[in-house]
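The values are calculated or read from the model by the stated rules, or taken from the named source; none is laboratory data. Given the structure is predicted, the values throughout are model-derived calculations rather than measurements. SASA here: full protein model, heavy atoms, side chains in, ligands and nucleic acids out. Shrake-Rupley method; radii C 1.70, N 1.55, O 1.52, S 1.80 Å.
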Amino acid sequence: MFTNTKGTPYAANAFNFVLKNIVAAYNKRENAKAERESREADILPHISAHTLRHTACTRFAESGLEPKVLQIIMGHSSISITMDVYTHLDFEQIQEKVDAIQYKIG
């Protein structure tokens, strides 16, 4: 949760507006810098409060937080929502987990 200068939480749309301005400012500077350096710009994608929610859920899961605890933190009625919709693991992360298990067993 992010708060404004008065200490009250930002509404989602207000926070999304802040994020949009941060990304736009960064991308504008990055485009100018990349042009001066004759390289491809490394542009940030659209980021929203919901994007940060997905990222936080994924990082909690990666850290080993128990799925049921994560479900409660996220406020989901079903564990399948937490694990299937909000948690994003890529193949490399899955392979690392499998390798770690095989090392312990083997």
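See the values below:
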| item | result |
| --- | --- |
| F2, F60, ranked by accessible area, largest first (probe 1.4 Å) | F2, F60 |
| Helix-derived mean residue ellipticity, 222 nm - over the chain, DSSP H n ≥ 4, -39500 (n - 2.57), to 500 | -19500 deg cm²/dmol |
| Ratio of Rg to Rh over the chain (Cα coordinates, Kirkwood Rh, two decimals) | 1.11 |
| Whole-Hz ³J(HN,Hα) from phi, Karplus 6.51 cos²θ - 1.76 cosθ + 1.60, for the stretch 14-20, glycine and proline x | 5, 5, 4, 5, 4, 4, 4 |
| For the chain, accessible area per residue (1.4 Å probe, heavy atoms of protein chains only), Å² | 77 |
